[in-house]
Amino acid sequence: MEKICPIIQYNVSQLGTDVQMPNASRNYCVFNERRTNEIMAQAEHALPAVDMFLKGARTEPQVLDALHVVDKMAENNVKGVKELYPTLARFNDTTSPNIQVMLAGIYRKTLVPDAFGPLNKMLIRQTLAPNSPYFDPTEEIGGAILQYITKFNAQNAYAQNLPNPVGSQLNVSK
């Protein structure tokens, strides 16, 4: 296993210490962007530390701050973010609308196939029992589901319109 740089380890260990949660006048979390950017600057070298942190995270602010870092990494196409799915899946059954929104954003960017089912479960749960007084998590969750449908429908349509290679017995049309 790769040794984690002490500076990365320190920055990651501070995640969750100063998250400002949504409230009546602000419907989103506020994170320490300086720290997020310092961790992100290490790109894939920071992933093992973030993964370890998420595996041990116990409070909502800790989870949210670490997911915020992962979301920014996914947004910046950091190599290896998709491989965090087994760790992220630990939070798929959360009832926290804040965590659901962060997961949906990450899943929308990474399009890990295994996350499609949990996204649908989150959407159904939020539809039946909305639990956020400050925002509607179904917007982000539904948007992530639509992104999956769009991507995978486009792939299927493209595959079905490809001509069969010469001499091939493969028939991709239905």
**Request:** Scan region 1-41 for chymotrypsin sites (Phe, Trp or Tyr not before Pro) in coil per DSSP, keeping those whose Cβ has at most 16 other Cβ atoms within 10 Å, and list them by number.
**Result:** 28
**Message:** Checking the cross-link filter: which lysines have an alpha carbon closer than 28 Å to that of residue 151, excluding same-chain neighbours under 8 positions apart?
**Reply:** 72, 79, 82, 109, 121, 174
**Request:** Please calculate the 1.4 Å probe accessible area of residue 110, with all protein chains present, and give it to the nearest 10 Å².
**Result:** 10 Å²
**Message:** Could you tell me the relative contact order of the chain? Use alpha-carbon pairs under 8 Å, at least six residues apart, and round to a whole percent.
**Reply:** 18 percent
**Prompt:** So which trypsin sites (Lys or Arg not before Pro) in region 1-38 pass both tests, a DSSP loop state and at most 12 other Cβ atoms within 10 Å of the Cβ?
**Reply:** 3
**Size of region 1-137 as Cα extents on the principal axes (Å, biggest first)** = 45, 35, 25
**Prompt:** How large is Rg over Rh for region 59-130, taking Rg from the Cα atoms and Rh as the Kirkwood inverse mean of 1/r across Cα pairs?
**Reply:** 0.95
**Complete:** The helix 60-75 Cα axis meets the longest alpha-carbon principal axis of the chain at an angle in degrees, between 0 and 90 and rounded to 10, of 40 degrees
**Message:** Can you give me the % of accessible surface on the chain that is carbon or sulfur? Probe 1.4 Å, all protein chains present, nothing else counted.
**Reply:** 55 percent
**Request:** Choose one of 106, 49, 135: the residue whose Cα lies farthest towards the positive end of the charge dipole of the chain (beta-carbon charges +1 Lys, Arg; -1 Asp, Glu; about the Cα centre).
**Result:** 106
**Item:** Only Lys, Arg (+1) and Asp, Glu (-1) charged, at Cβ; the chain dipole about Cα centre in debye
**Value:** 300 debye
**Complete:** Relative contact order of region 35-104 (C-alpha contacts under 8 Å, at least 6 apart) in percent is 36 percent
**Request:** For 128, 64, give the ranking by accessible area with the largest first, probe 1.4 Å.
**Result:** 128, 64
**Asked** Modelled label-to-label distance, residue 25 and residue 150, 7 Å Cα→beta-carbon offset: nm?
**Response** 3.5 nm
**Complete:** Across 86, 61, 97, the residue with the highest GNM fluctuation in the chain (Cα network, 10 Å cutoff) is 86
**Prompt:** For the charge dipole of the chain, defined by +1 on Lys and Arg C-beta atoms and -1 on Asp and Glu C-beta atoms about the Cα centroid, which residue among 61, 84, 117 has the Cα displaced farthest towards the positive pole?
**Reply:** 117
**Item:** Inter-label distance, nm, simple model (7 Å from Cα along the C-beta direction), residue 136/residue 124
**Value:** 2.1 nm
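The values are calculated or read from the model by the stated rules, or taken from the named source; none is laboratory data. On a predicted model such as this, the values are computed, not experimentally measured, just so you know. Cβ sites come from the backbone with ideal geometry, for glycine too, and all protein chains shown count toward neighbours. Note: areas computed on protein heavy atoms with side chains; ligands, DNA, RNA excluded. Shrake-Rupley method; radii C 1.70, N 1.55, O 1.52, S 1.80 Å.
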